[in-house]
């Protein structure tokens with residue numbers, strides 16, 4: 001890539017907490033695909049920033065769909081739950097969204113994760129498919145997404 005051009009890179013980190021609040025299972029940071037529609041959404045968000053647009057790229061979803069991630073994805077394969085995340089700026093051009101799914105909300109054999117622009121439907125900005133992480137009915141699930149613009 002020529003010097004001075006921007007690129008997008010997304011990644012997810014997943015943690016399951018047991019009923020006692022202790023870490024039951026944790027997955028390290030994992031790179032994902034930034035979907036074509038997500039790139040378009042980000043471009044339009046930047047364009048609308050001049051008119052004080054509200055940031056809506058803050059919804060994290062989890063699911064059980066096992067199909068491979070692709071830049072042409074527009075939704076999760078089989079969405080189980082979606083939650084409004086907390087948005088922050090980390091540093092070094094990193095946009096971060098963190099969502100904690102309450103006990104029982106995201107229960108199941110979770111394998112896919114997505115960042116979306118709405119609490120229903122919306123634009124799928126990124127999607128990640130990983131090996132299964134089993135979330136029990138008494139567990140909570142924390143999903144952290146980071147998008148690096150470099």
Looking at the range 1-24, which of its residues are assigned to a strand (DSSP E or B), more than 11 Å from the chain's Cα centre (by Cα) and either at pLDDT below 95 or more than 13 Å from residue 141 (Cα to Cα) (or both)?
8, 9
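Among what's in the range 101-123 and is in contact with a helix residue (DSSP H, G or I) (Cβ under 8 Å, 6 or more places away or on another chain) and assigned to a loop (DSSP other than H, G, I, E, B), pick the residue that is nearest to residue 75 (Cα to Cα). Steps first, please.
Looking only at the range 101-123, we keep the residues that are in contact with a helix residue (DSSP H, G or I) (Cβ under 8 Å, 6 or more places away or on another chain), and these are 115, 117, 123.
Imposing the further condition that a residue be assigned to a loop (DSSP other than H, G, I, E, B) reduces the set to 117, 123.
On the way: 117: 11, 123: 8 Å.
Among residues in the range 101-123 that are in contact with a helix residue (DSSP H, G or I) (Cβ under 8 Å, 6 or more places away or on another chain) and assigned to a loop (DSSP other than H, G, I, E, B), the one nearest to residue 75 (Cα to Cα) is 123.
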Identify, please: which residue in the range 124-150 is over 12 Å from the mean Cα position of the chain (by Cα) and under 18 Å from residue 59 (Cα atoms) and is, among those, surrounded by the fewest Cβ atoms within 10 Å (Cβ to Cβ)?
148
From 71, 75, 107, which residue is over 19 Å from residue 31 (Cα atoms) and without any contact (Cβ under 8 Å) to a residue 60 or more places away in the chain?
107
Please name all residue pairs, on different chains or six or more residues apart, with Cβ atoms under 8 Å, provided the first residue is in the range 84-104 and is free of Cβ contacts under 8 Å to residues at least 40 places away in the same chain and the second residue is loosely packed, with under 15 Cβ neighbours inside 10 Å.
84/119; 87/55; 104/137; 104/138
Options 150, 138, 126: the member that is touching a helix residue (DSSP H, G or I) at 6+ places or on another chain (Cβ under 9 Å) and either over 20 Å from residue 25 (Cβ atoms) or modelled with pLDDT of 95 or more (or both)
126
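The values are calculated or read from the model by the stated rules, or taken from the named source; none is laboratory data. These numbers come from a predicted model, not from an experiment. In this analysis, Cβ positions are derived from the backbone assuming ideal geometry, glycine residues included, and neighbour counts consider all displayed protein chains.
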